[in-house]
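Just below is one structure, and these are the notes that go with it.
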Amino acid sequence: MYERHSIVVAAVLFAGCSLATREAAEERVRMEAAGAAYEAPAPRAWSEELPPDPGWRDVLRHAFLANGELEAAYFAWRAAVERIDIAAGYPNTNVSVGFEYLFSGGNLTGWDRTSLSVGFDPMQNLSFPTKVYAAGRVATEDARAAGERFAAAKFALQRDVLTAWLDYALLAEQMRVQQEQLALLTVGAKGADARVRGGRLQEELLLANVEHGHAEHMLLELEAALPAARARLNALIGRSADAPLAPPPLPEPRPLPDDAALLAAGTRANPELAALARDTTGRAAALDLARQQYFPDINPFAGLTGSMEQLAGAAITLATMIPQIQAGIREARATLRGSEALARQGGLDRDAAFVAAVLAVRTAERQLTLLETHVTPSATQAAGAAERAYTTGAGDLAAWLATQRALLDLRLTLAETRIARERQVAELEMLAGVDAERLAGEAGSATADRLTSASPTATAVTPVTR
């Protein structure tokens, strides 16, 4: 009886173990912290409407909570984390319990006629523990790569939302400028009509009417583009296309550190590169697992026949499929080399894109400085002189209208340059894997901040410790 109980107790204790690494437990903690909002029962917090006059932080927070693609990236991460326990679970096969009863003559008790056996499922070998540990390492690195891709999806969404928000703001400004242009052209057309009545050539009125009609056409195009831009932005942040969303004013420029600090931060914290690095580590673990297929598997078993016999033993499965094992090692090595090549090229590509984005930001800033410090004062002086000349009778209406329209064109150029600069800032955030505010405030600690802002529960881009 003691042996029988020992067999059952050993089987129970042996079940449910896991050979997962400490990193696997840490990854689960990170995953659960990042996805707390997605695991909450409905209705979720993001179902609340935006404030009446939302800023870009409000819109971005709503997107982090409501965007379906980002939520799907989180659940892909969660599925990868759950696969760790599948790969690292030990034993990797079920326990098989056998029962036999002997029908024969003789003075044997019922217990002595009974045979019990316990072992592992003969249809699947009990793997050598180091194999299961290696499989758990592969699954862990795959899960960590999925976590980095969730962060990359967050930064890509942030870039897309901010770009759509900036485009929406620029369209609204273009429409305001075009409305003012149309008003000036209306005044010009009336002036041309008066001059034609006074004996001037008809062509002047015809030209004024053509310009007025063209301006009306452009205004209609902008009025049609504005709802389309709102619909795109609403879709990105998880709202219905026709949900109300007032066009924002032109945003203030977001601060950035100097070039030295920017280039020092670089793309070291880029989550896509981190995912490629995790892929490479996982493929190295897969190569180690492929080499361990040479190790034999051992299937222990035990049994008893009443009080007469007890037995214990083990079946050893030797590796005889040598060509398949060698092919598996070569395949794992090739996959590892491919992952290393992708990681290397990915780093080069993103470094180049980062430098290009920095240059684009600085070019836009220089253009803004030129427009604001040189062109705008000159245009303002010219408009003032034309207005004084017109009011004193020394100038004509056409000259005053031309300077006013030039000011509007300059205003539009300034808006387009500001928006172009902010678009590149959003691109820099995605490439750096760090928010612009963190870059400006803590440029030297970019690596520590890498995934911190990936949490969808952040109020905007406020980091949550990863």
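The values are calculated or read from the model by the stated rules, or taken from the named source; none is laboratory data. Computed from a prediction, not measured in an experiment: that's the story for all the values here. With ideal geometry, Cβ positions are generated from the backbone for all residues, glycine too; neighbour counts draw on all protein chains shown. Only protein heavy atoms, including side chains, enter the accessible area calculation; ligands, DNA and RNA are left aside. Shrake-Rupley method; radii C 1.70, N 1.55, O 1.52, S 1.80 Å.
For every residue, the table says whether it meets (1) under 30 Å from Val161 (Cβ atoms); (2) in contact (Cβ under 8 Å) with a residue 24 or more places away in the chain.
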residue: Pro54; (1), (2): yes, yes
residue: Ala88; (1), (2): no, yes
residue: Tyr101; (1), (2): no, no
residue: Thr109; (1), (2): no, yes
residue: Val118; (1), (2): no, yes
residue: Asp121; (1), (2): no, yes
residue: Ala134; (1), (2): no, yes
residue: Thr140; (1), (2): no, yes
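Candidates Pro257, Pro247: the one that is open to solvent by 40 Å² or more (accessible area, probe 1.4 Å), touching a residue at least 60 places away in the same chain (Cβ under 8 Å) and not in a helix (DSSP H, G or I) is Pro247. Taken together, Ala225, Ala189, Ala231, Ala215 contain a single residue that is in contact (Cβ under 8 Å) with a residue 40 or more places away in the chain, in a helix (DSSP H, G or I), among the small types (Gly, Ala, Ser) and out of contact with any Cys (no Cβ under 8 Å at 6 or more places or on another chain), which is Ala225. Taking the listed residues Ala264, Ala269, Ala277, the one that is open to solvent by less than 70 Å² (accessible area, probe 1.4 Å), in contact (Cβ under 8 Å) with a residue 60 or more places away in the chain and not in a helix (DSSP H, G or I) is Ala269, with no other qualifying.
Ala231 fulfils the conditions (1) under 36 Å from the mean Cα position of the chain (by Cα); (2) of a type in the set (A, V, I, L, M); (3) over 22 Å from Ala72 (Cα atoms) except for a single criterion, (3).
Among the criteria (1) assigned to a helix (DSSP H, G or I); (2) over 27 Å from the mean Cα position of the chain (by Cα); (3) of a type in the set (A, V, I, L, M, F, W, C), the one Ala394 does not fulfil is (1). Exactly one condition in (1) in a strand (DSSP E or B); (2) open to solvent by 70 Å² or more (accessible area, probe 1.4 Å) is not met by Glu252; state its number. Every listed condition holds for Glu252 apart from (1).
Considering each of Ala415, Ala420, Ala385 in turn, give the residue that is of a type in the set (A, V, I, L, M, F, W, C) and modelled with pLDDT under 95. Give the derivation first.
On the way: Ala415 fails: modelled with pLDDT under 95; Ala420 fails: modelled with pLDDT under 95.
Only one candidate passes the filter, namely Ala385.
Got at least one residue in region 193-203 being within 48 Å of the chain's Cα centre (by Cα) and either within 18 Å of Asp396 (Cβ to Cβ) or surrounded by 17 or more Cβ atoms within 10 Å (Cβ to Cβ) (or both)?
Initially, region 193-203 is screened for residues within 48 Å of the chain's Cα centre (by Cα), giving none.
No, every residue in region 193-203 fails to be within 48 Å of the chain's Cα centre (by Cα) and either within 18 Å of Asp396 (Cβ to Cβ) or surrounded by 17 or more Cβ atoms within 10 Å (Cβ to Cβ) (or both).
Restricted to region 1-102, the set of helices (runs of 4 or more DSSP H) holding at least 3 residues that are modelled with pLDDT under 80 comprises 2-14. Among the residues of region 297-326, those that are within 11 Å of Val118 (Cα to Cα) and open to solvent by 50 Å² or more (accessible area, probe 1.4 Å) comprise Pro300, Phe301, Leu311, Ala312. Selection of region 220-242 for residues being surrounded by fewer than 17 Cβ atoms within 10 Å (Cβ to Cβ) and over 13 Å from Tyr168 (Cβ atoms) yields Leu220, Glu221, Glu223, Ala224, Ser240, Ala241, Asp242. Filtering Ala172, Ala151 for residues that are closer than 22 Å to Phe354 by Cα, open to solvent by less than 10 Å² (accessible area, probe 1.4 Å) and among the aliphatic types (A, V, I, L, M) leaves a single hit, Ala151.
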